[in-house]
Structures are given as C-alpha cells and as structure tokens.
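Visitor: Submitted below is the structure of interest, expressed as structure tokens.
Readers should treat all values here as calculations from the given coordinates under stated rules, not as data from a laboratory. Note that the coordinates shown come from a computational prediction; the quantities given were computed from them, not determined experimentally. Note that we place each Cβ from the backbone using ideal geometry, even for glycine, and neighbour counts take in every protein chain shown.
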Amino acid sequence: MIHHLNGRLVEKTPTYVVIECGGVGYQVNISLNTFEQIGGNEQLKLHTHLVVREDAQILYGFAQTEERELFLLLLGVSGVGASTARMILSSMDVNQAKMAIQSNDVNAMKSVKGIGAKTAQRIIIDLQDKLGALEPQFGEVSTQSLTAHNNSRQEALIALTTLGFDRSRCEKTLDQILKDKPTMAAVEDLIKDALKRL
C-alpha cells in the first residue's frame, strides 16, 4: 500500500496531479477540495489510497488526512465506489459532508451527481456513528484565479468530462455560468457552480 507521496509537482489539473518521486511520475486522482489546497507548491506531499480493480490500479491523493479518512469511510458504504466518493468530496468539503451526514440532510447528499435517495440514506445511516472518530478540518484553503475566462472554462470542461458529465451539457452550463457571473474566473468556482447545475 502506498501511504503517501512526497515529491515534485510536475502537473496539476482539477481532477489529477502528477508527482515525481525518485524519478518516477505518479498520476494521482484528486478531489476539487485537494486541488484548491495544493496551490502552486512545487514540493508536494499527498496522503494516498490505492484502489485495485481487475482492470486498473488507481491512486487517489488527499491534501489532508481527514479527507482520506472520510473517503475510506465512504468506500465502506455499499454502492459507493471511488468515483462517487471523489464526487462527494469535490461537491462539498469534509466539514460540509460530515454535517450533511450527522444532520440527516438527505437533500445535500442527493445534490451530488450519481447519488439517489437510497444511496444518500445509506451513506447517512452507515456513517453517522462512525464520524465521531473524525476531527473537524479547519484548513486554510488557497484558491488560485486564472485571469483568462477561456482558460478557466477549458480546464473546468476537462475536469467535468473527466468526472463523467456529457461534454455538450457541460459547455452549455459553463457558458451560462460565465454569462450569469462574468467576474467568476477561478476554475474551482466554475466547477463547483457547474456541479450544482448539471
């Protein structure tokens, strides 16, 4: 098991990063929350979890141990896979997810793409008792704004299609967001708004 990676950040996108450790480049899938916290650091440490499937070995990385712990708890819920767990952690931060679970907020969970009422209820029922072990996360979140709208739009489009959304729907949604909020330039803000609308 790969517990963490500490190396040079080679590539950074809203859905994955590439970290070079000892001459080897590791592609690590990340949530939008981790993307926000990475900032422009050239030297990067990520807490990781390796998901092994019949057809692939996929590495997931987290800026905070609390996020990894919640990711692992979500994986333990029947019907929740790694992609769904990452989608939850991209739609809300650790504290928001914990609050939704602990306050029985089914609607907050249902607002995440791919989660229906039954899965939302299962997550809440399965994790309510277990969440007491997690400490709240009060990390400082750094956001990087890209000044050019077309660059932000393109990065957001790539991230959303990587997460499984239809490309043409994503393009229309992003165009509408930029029309509604012309001052919005940060990629992560675009993606978060799009996740609510798609």
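Visitor: Can you tell me the dipole magnitude for the chain around its Cα centre, using point charges on the Cβ only (Lys, Arg +1; Asp, Glu -1), in Debye to the nearest 20?
Guide: 560
Visitor: Report, by chain and number, residues whose modeled amide H sits under 5 Å from the one on Y16, excluding near sequence neighbours (fewer than 5 apart, same chain).
Guide: Excluding prolines and chain starts, which carry no amide H, the hits are I30.
Visitor: Two-decimal Rg/Rh of the stretch 4-62 from alpha-carbon positions, Kirkwood Rh?
Guide: Computed over Cα atoms, the ratio is 0.95.
Visitor: To continue, here is another question. In angstroms, what radius of gyration and Dmax does the stretch 149-197 have, counting Cα atoms only?
Guide: For the stretch 149-197, the Cα-based Rg and Dmax read 9.2, 27 Å.
Visitor: Considering the chain as a Gaussian network with a 10 Å cut-off on Cα pairs, which listed residue, L157, L70, L50, attains the greatest mean-square fluctuation?
Guide: L50
Visitor: While we're here: With +1 assigned to the C-beta of every Lys and Arg and -1 to the C-beta of every Asp and Glu, and no other charges, what is the dipole magnitude of the stretch 65-133 about the Cα centre in debye, to the nearest 20?
Guide: 280
Visitor: Would you mind telling me which residue in R169, R122, R53 has the biggest mean-square fluctuation in a Gaussian network model of the chain, where springs connect alpha carbons within a distance under 10 angstrom?
Guide: Evaluated over the chain, the most mobile residue of the options is R53.
Visitor: Determine the calculated [θ] at 222 nm for the chain from helices alone, applying -39500 (n - 2.57) to every DSSP H run no shorter than 4 residues and normalising by the residue count; nearest 500 deg cm²/dmol.
Guide: So the calculated ellipticity at 222 nm is -13500 deg cm²/dmol.
Visitor: Near A85, within a Cβ-to-Cβ distance under 15 Å, what is the net charge of the other residues, with Lys and Arg +1 and Asp and Glu -1?
Guide: +2
Visitor: Name the longest site-free stretch of the chain, where the excluded sites are GluC sites (Glu not before Pro) in a DSSP loop with no more than 10 other beta-carbon atoms within 10 Å.
Guide: Looking at the chain, 55-139 is the longest stretch - no exposed GluC sites (Glu not before Pro) with at most 10 other Cβ atoms within 10 Å.
Visitor: So what is Rg over Rh here for the chain, counting just Cα atoms and using Kirkwood for Rh?
Guide: So for the chain, dividing Rg by the Kirkwood Rh gives 0.95.
Visitor: Sticking with this one: Tell me, what is the percent relative contact order of the chain, built from C-alpha pairs under 8 Å that lie six or more residues apart?
Guide: 18
Visitor: When the Karplus curve 6.51 cos²θ - 1.76 cosθ + 1.60 is applied with θ = phi - 60°, which whole-Hz ³J(HN,Hα) does each residue of the stretch 40-45 get, with x for Gly and Pro?
Guide: Ordered by residue, 3J(HN,Hα) equals x, 4, 7, 9, 9, 10 Hz.
Visitor: Can you figure out the FRET efficiency of M99 with A186, using R₀ = 22 Å and their beta-carbon distance, to the nearest 0.05?
Guide: With R0 = 22 Å, the Cβ-Cβ based efficiency is 0.40.
Visitor: Quick one: 3J(HN,Hα) in Hz for the stretch 112-121, Karplus 6.51/-1.76/1.60 with θ = phi - 60°, rounded, Gly and Pro as x.
Guide: 7, 4, x, 10, x, 4, 5, 5, 4, 5
Visitor: Follow-up question, since we're still on this one. Rg and Dmax of the stretch 65-133, using alpha carbons, in Å: what are they?
Guide: Both quantities, over Cα of the stretch 65-133: 10.2, 28 Å.
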